[in-house]
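Visitor: Dropping a structure here in structure tokens format, bear with me for questions.
The values are calculated or read from the model by the stated rules, or taken from the named source; none is laboratory data. This one's a predicted model, so the numbers in the text were calculated from it and none came from an experiment. Heads up, the Cβs are rebuilt from the backbone with ideal geometry, glycines too, and the neighbour counts pull from every protein chain shown. Ligands, DNA and RNA are stripped out before the accessible areas are found, and what is left, the full protein with its side chains, is counted by its heavy atoms. Shrake-Rupley method; radii C 1.70, N 1.55, O 1.52, S 1.80 Å.
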Amino acid sequence: EERFISLLEYCLEPRTTAEMMQYVALKDRKSFREAWLFPLLQAGLLTMTHPDKPSSPKQKYQAVERL
């Protein structure tokens with residue numbers, strides 16, 4: 001879907017969850033994580049900058065450069 005591709009292009013630079021939510025105009029963190037973040041992580045299209053600390057306040061997400 002175009003919205004996912006747009007978000008992935010935005011995440012070529014590491015982004016926080018809050019930045020990503022603002023980009024897609026969502027305010028509910030839980031629904032963003034379930035509908036956007038987890039599917040992209042599971043598909044291998046996003047990676048965590050701190051994979052050993054998934055709940056770190058410094059956690060950012062970056063797109064895998066194979067779009």
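Visitor: Check off (1) open to solvent by less than 60 Å² (accessible area, probe 1.4 Å); (2) modelled with pLDDT under 95 for Ala35 and give me the number that stays unchecked.
Guide: (2)
Visitor: Sticking with this structure for a sec: Give the residue that is farthest from Pro57 (Cα to Cα), with candidates limited to residues of the range 1-17 that are in a helix (DSSP H, G or I) and open to solvent by 60 Å² or more (accessible area, probe 1.4 Å). Steps first, please.
Guide: Step one: of the range 1-17, the residues in a helix (DSSP H, G or I) are 2-10, 17.
The next check asks that each one be open to solvent by 60 Å² or more (accessible area, probe 1.4 Å); those that pass are 2-3, 5, 9.
Details: Glu2: 29, Arg3: 26, Ile5: 25, Glu9: 23 Å.
Out of the qualifying residues, it is Glu2.
Visitor: Let me ask something additional. When the range 18-32 is examined, which residues are found to be over 12 Å from Ala63 (Cα atoms) and surrounded by 11 or more Cβ atoms within 10 Å (Cβ to Cβ)? Lay out the reasoning, then the answer.
Guide: Looking only at the range 18-32, we keep the residues that are over 12 Å from Ala63 (Cα atoms), and these are 18-19, 21-32.
Across the range 18-32, the qualifying residues are Glu19, Met21, Gln22, Tyr23, Val24, Leu26, Arg29, Ser31, Phe32.
Visitor: Of everything in the range 1-51, what is over 22 Å from Glu65 (Cβ atoms) and acidic (Asp, Glu)? Give them in sequence order. Lay out the reasoning, then the answer.
Guide: Of the residues in the range 1-51, the ones over 22 Å from Glu65 (Cβ atoms) are 18, 21-22, 25-35.
If the condition is that a residue be over 22 Å from Glu65 (Cβ atoms) and acidic (Asp, Glu), then Asp28, Glu34 are the ones that fit.
Visitor: Restricting the range 46-59 to residues that are open to solvent by less than 50 Å² (accessible area, probe 1.4 Å) and not in a strand (DSSP E or B), which is modelled with the lowest pLDDT? First the steps, then the outcome.
Guide: The initial filter retains those residues of the range 46-59 that are open to solvent by less than 50 Å² (accessible area, probe 1.4 Å), namely 46, 56, 59.
Now drop any that are not not in a strand (DSSP E or B), which leaves 56, 59.
Details: Ser56: 94, Gln59: 97.
Ranking the qualifying residues of the range 46-59, first place goes to Ser56.
Visitor: Within the range 18-38, how many residues turn out to be touching a residue at least 12 places away in the same chain (Cβ under 8 Å), not aromatic (Phe, Trp, Tyr) and not in a loop (DSSP other than H, G, I, E, B)?
Guide: Narrowing the range 18-38 to residues touching a residue at least 12 places away in the same chain (Cβ under 8 Å): 20, 23-24, 29, 32-33, 36-37.
Subset that is not aromatic (Phe, Trp, Tyr): 20, 24, 29, 33, 37.
Going one step further and asking which of them are not in a loop (DSSP other than H, G, I, E, B), we end up with 20, 29, 33, 37.
Matching residues across the range 18-38 total 4.
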